[in-house]
Structures are given as structure tokens and as C-alpha cells.
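See below for the structure under consideration.
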Amino acid sequence: MSSNGVITLMLKDKLIGDKGKDMENYTNATNLTRISAFLHKNDSVVFYNFVAGLYVYAIPLISVIGVIGNVWSFKVFVFTSFNKHPSSIYLAMLGVSDTCFLIALIFGWIGTIHNSTVNTGVLCLVSVYIAYVSSFLSVWYVVLIMVDRFIVVCFPLRGYRLCSKRRSLIAGTVVTVFGVLFYSHSFFTVQVVPTPGGFSCQLNNDYRHLVTVITYIDTGITFVFPFVAIFVLNIVVIVTIRKFSFKHVTLRGNKYYSPPHNILSNAQMRLTVMLIVVAIVFLVLNLPSHGIRFYILVKDLAQTKDLVLFLSQQICQILYYINFSVNFTLYVSSSKTFRRCLFEKARCLRH
């Protein structure tokens, strides 16, 4: 594949992954020429080829493995005995949103790599919209999961009432409806531009100021607030579990059991550990992408000829994409209950 072809793929992924100013900067044909010219003048060819190879081969691998794992996880959370846990509703929703993102990603990859007919104007807009919505929903489903664990672990006497399946379904539905409606702006703030290879989605200059405002709002609701919430809730839940475990061991040694200390069952503890692992990995895989994006924004380097920075951002994007496909592996490795339910015969939904 030519240098321009691989760079075009990176630009399309930037369009899906970034918002506002980043979208405009990295889909600009002038910048593409600058980067290509810069590439041939420097000694970064090896690094470039490495990143280009990652994009050519890693994206389809991540997408296919992720879709299979997410579909299998959905079956476990909805159609097996795992369904009895209210948290299974959030986990099933997370699997659906992650799958939607990966499908949008693989369609963008196919259209760019092979210049095929899937790279149409309508598909371009729909892919951008799905990527916006699914990335928002994924982070907020993780927030809801950690809120659920916070209530169950820190307020066990109220947990079964406050974290019922009905309340979980309502909370998940509210977040979903908000995301679907809020990101509908992409259908008019992003425009389809014909190109020699098909179509390209670019920022509509008529809505430049609106997109700037939306970008700041989006940064707050998909990065700042949810990441702080997930981090803080993780710490609180982990500390509370350690205190509970210490008291539980002490009470067992004294042959005395107090009811308040035994409300958290072993099943709840195991589920909490699995969800904490999911939240921690989510933070680890997402922070590099958001961090380098923030660095570019603060230093105003998006318009410079810093190819190494650009390629480093692409590697961080790969980590970001892995986040949408890794959960099945985390469930299997951290939950005995999930492993047991993997091969259970599907059963009817339980309300």
C-alpha cells in the first residue's frame, strides 16, 4: 500500500475517534500533503511503517475478535443464570455499544483500505454517528456499573432495593436516549464531500461555532467527569472491600459473626472484583488516547509537522480501539461465574 493510502486510513480513524478541531485538522488535504512531504524528509520511516502495519492488520483483528466476544458476552448476560444480577443489564448494554463501535470501525477500514463501495456518503455519516454515540455510551455504562458497585458495597442494606433490575434498566435507557439524541447533531455539523476514492466526512464550516461549543461539552461528558467518577468510585469500592475483608477475617478468627458484616455474599464480592477489573482496564486503555489528544490541544501542535507526535497518537488510538474488544477476555479471566455460564443453554428472559 502507498504512503498516502495508509495515511488516509489514519485520517479516517481520526475522524471517527476525535471531535471538533481535531476532525478539521486531520481531514484537511493540505495537512495530508504536509505529512507526506515530512515523511520523506525524515528518519521516521521505520516508525511510520510500524504504525501503518498496525492499522492495516490490527484493526480487523481487534474488530472481529471484539464482535465475537461481545456477542458471546451478551448471550451470557441476557440468556443465562448470570441474568439474575442487576449489573448484567449494564454489561449487556456495554456489549451492544462496543459491538456497534467495532462495526463502524471495520466498515471505515474496509472502505479506506480497499476503496470499495461501502465507502458511500450515507455510510460515512452513519459511521461517524454510531462512533459518537457508542463511544459515549460505553464510558457511561462503565460509570453506571461503578455506581452500582459503590451502592452495593458501601450501602449493602439498601443495595438490593436501589440497584434492582428495574432501576438498572431505567438508568441505562435514560443514558442511551440522551446519547442518541445529543449526537444527532453530527448529521448536520458533518458534511459529505466527494473524493476521487469515494466520499469523505468533514466538518461543516457553517456550524463551526456550534461544533466548538459541542466539543467542549463532549469533552466534559465523555472524558473529564466520567473518568474522575470511575477513578474515585474505584478507589472507594476497593478500600471498602479491603476493610470488609479484614473485618470478616477478624470476626471468623473470633468465632463471632455480625449480620451487617455478612450482607455482601461471596457471589457479590466476586462480581465486584470482575467489574473493578473492567473499570481499571477501561481507564488504562482510554487515558493514553485522551491524554495525547489533550496535549495536542494545549500545545496547539495539531497544525505542525510533528510526524512522531501524529504517529504516537495513532498507537494510542489502537489502545483505545482495544478497549471495545477486550471485555470478554476480562470476564473470562476474572469471573468463575461467567466461565460457568459460558456454555449454559440459553433460557428465556427473566424479569
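General remarks:
- Sequence-ordered 3J(HN,Hα) estimates for the stretch 225-240 from the Karplus curve with 6.51, -1.76 and 1.60 and θ = phi - 60° stand at 5, x, 5, 5, 4, 5, 5, 5, 4, 4, 4, 4, 5, 4, 4, 5 Hz, glycine and proline given as x.
- Under 5 Å between amide hydrogens, built in the peptide plane, is the criterion, and for residue 190 it picks out 204 among residues at least 5 positions away or on other chains.
- Interchain or long-range residues, amide H under 5 Å from residue 200's placed H: 193, 195
- Filter on 165/345; 75/165; 84/243 - keep pairs with C-alpha separation over 24 Å: 84/243
Every read-out reported here was derived from the displayed coordinates using simple, explicitly stated rules and does not represent laboratory data. Here the structure is a predicted model, which is why all the values come from computation and not from measurement.
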